[in-house]
Amino acid sequence: MSVLIMRLTAPLQSWGTQSRFSVRDTAREPSKSGVIGLISAALGRPRDADIRDLMALAMTVRIDREGSVQRDYQTAGGGSLPDGHPYGVAKANRAKAQTVTSSRYYLADADFRVALEGDDETLLNTIADALSRPKWPLYLGRKAFVPSQPLCRGVHIRLSAIEALSTTEEWFARGSQERERFTEQPQLRAICEVMPGLSGVTLAECDVRQDVIDRFDSRDFQLRHVCTRWLTLSPELIAEDPSCISHH
């Protein structure tokens, strides 16, 4: 078993799971379809490509910083053309164009570690290389939300996702006071993909996410089961965020 670790952090992220035009939601942690979409872009796979090999990788997300949900209210249309005629958004049914409103939700100031676990070490190394030299631009849920740190943290051999996230990945504090507070109770929430009955987890202990798909030109999303675990980090994995350290 091998595992690829990614860090997903940016001022804003959005991981919609049930969006419609008028309301664009976000989950509280990265969706599997969103992460695999990011990887597909790095690999240069088109929307009609078969991505079942990527979806077969089990995903665990460690939430290093929960972030806060922000709402943005947007309008389209409702202005006037230079000749004074009003304009709006055209309708597919050719009804009268009108102003359209929508609410867009984002995660602000969130930080995640994502572990993708599988038996194909070659595939994981290929993904790691692609994340460092992506074929197409990469973003965290929406095109304006570019990562603020390198995405790939490396591939670990003969480790499970939980082992890698608990024993190899640092947690970055923003200053000494935050580091001291976290040291008192160094636990982080993790969302783990599981197979009920085969992972020592019962169906009653699971939540479901509808974010699995075979190819991105389809809208036939399927369910996967996840459970919540708490990971305890050792003191040597608690460090200050290099991006927050002042240099004089």
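The values are calculated or read from the model by the stated rules, or taken from the named source; none is laboratory data. Remember, it's a predicted structure, so these values are computed and weren't measured experimentally. Reconstructed Cβ throughout: ideal geometry from the backbone, glycine too, with neighbour counts over all protein chains shown.
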Among the residues of segment 212-219, are any out of contact with any helix residue (DSSP H, G or I) (no Cβ under 8 Å at 6 or more places or on another chain) and closer than 30 Å to Asp241 by Cβ?
no
Across (1) modelled with pLDDT under 90; (2) surrounded by fewer than 15 Cβ atoms within 10 Å (Cβ to Cβ), Glu240 clears everything bar (2)
(Q) Checking the structure you have, find out if any residue of segment 27-38 is of a type in the set (Val, Ile, Thr) and surrounded by fewer than 20 Cβ atoms within 10 Å (Cβ to Cβ). (A) no
Exercise. Within segment 103-118, can one find any residue that is surrounded by 17 or more Cβ atoms within 10 Å (Cβ to Cβ), at pLDDT 95 or above and either of a type in the set (Asp, Glu) or part of a helix (DSSP H, G or I) (or both)?
Worked result: yes
Given the criteria more than 17 Å from the chain's Cα centre (by Cα), at pLDDT 95 or above and closer than 23 Å to Val194 by Cβ, does Leu123 qualify? yes
Sole miss for Ser31 among (1) over 18 Å from Leu116 (Cα atoms); (2) in contact with a Lys or Arg (Cβ under 8 Å, 6 or more places away or on another chain) is condition (1)
Flagged pairs (Cβ under 9 angstrom, 6 or more apart or on separate chains; first in segment 144-158, part of a strand (DSSP E or B); second of a type in the set (Ser, Thr, Tyr) and buried (at least 17 other Cβ atoms within 10 Å of the Cβ)) are Val155/Ser2; His156/Ser2; Ile157/Ser2
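Residue-by-condition table, conditions (1) under 13 Å from the mean Cα position of the chain (by Cα); (2) at pLDDT 95 or above:
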| position | (1), (2) |
| --- | --- |
| Leu4 | no, yes |
| Thr9 | yes, yes |
| Ser14 | yes, no |
| Gln18 | no, no |
| Gly44 | no, yes |
